[in-house]
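The values are calculated or read from the model by the stated rules, or taken from the named source; none is laboratory data. Since we're looking at a predicted model, the values are computed, not measured. Every residue, glycine among them, receives a Cβ derived from its backbone with ideal geometry; neighbour counts consider all protein chains shown.
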Amino acid sequence: MFLICMLMSASISIFTDRKINGREKNTSDLILKYLFYTFLITTIMNTFIYLFSSEKMLHYAEYTFSYDFCLKYMWLSIVVAFLLPYILKIISANISINLEISKKKRSRSNEKTKEVSEKKKEVKKTTKKKNNKSN
């Protein structure tokens, strides 16, 4: 019962995700998506158990997975499994992350030496022009 409760709802999410996006994915993408959905659904369900459980168990025990508990867990995880791909689709459609990589700015000492060398070049050019005019 433990494996059915934990692993089956992610396959429903994968099916729903494929229907939403309408494109085929290769096997490695499907495995990664399955693991991602398994993690998210299990995390959400464990949060529900912790928040709404009267015993506040910190680990799973065999007596936890009674028939009554499994039935409630599976129905709630199916609902979460259907809703999660839609929620992720909305989030990915409305939020984008752009990275901009720029070079590190030069230190002030390097800028000063560069300015001094440019001024020297300008001085040399003006002196050459003056020398040419005097000839």
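The residue that is nearest to Leu71 (Cα to Cα), among those in region 1-42 that are assigned to a loop (DSSP other than H, G, I, E, B) and in contact with a helix residue (DSSP H, G or I) (Cβ under 9 Å, 6 or more places away or on another chain), is Met1. In summary, Met45 fulfils each of the numbered conditions (1) over 15 Å from Pro85 (Cα atoms); (2) not in a helix (DSSP H, G or I); (3) not aromatic (Phe, Trp, Tyr) with the single exception of condition (2).
Restricting attention to region 78-101, and to residues there that are among the aliphatic types (A, V, I, L, M) and in a loop (DSSP other than H, G, I, E, B), which single residue is farthest from Lys33 (Cα to Cα)? In this case the residue turns out to be Ile101.
Scan region 1-48 for residues that are of a type in the set (A, V, I, L, M) and over 13 Å from Leu76 (Cα atoms) and the total you get is 11.
The rows are residues; the columns are (1) closer than 18 Å to Cys5 by Cα; (2) modelled with pLDDT under 80; (3) among the polar types (S, T, N, Q).
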position	(1), (2), (3)
Asp29	no, no, no
Thr43	yes, no, yes
Trp75	yes, no, no
Lys103	no, yes, no
Thr113	no, yes, yes
Lys121	no, yes, no
Thr127	no, yes, yes
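Filtered by the rule that a residue be surrounded by 14 or more Cβ atoms within 10 Å (Cβ to Cβ) and farther than 13 Å from Leu84 by Cα, region 8-30 gives Met8, Lys25, Leu30. Here the condition is being assigned to a helix (DSSP H, G or I), among the hydrophobic types (A, V, I, L, M, F, W, C) and modelled with pLDDT under 80; of Phe65, Phe69, it holds for Phe69 alone.
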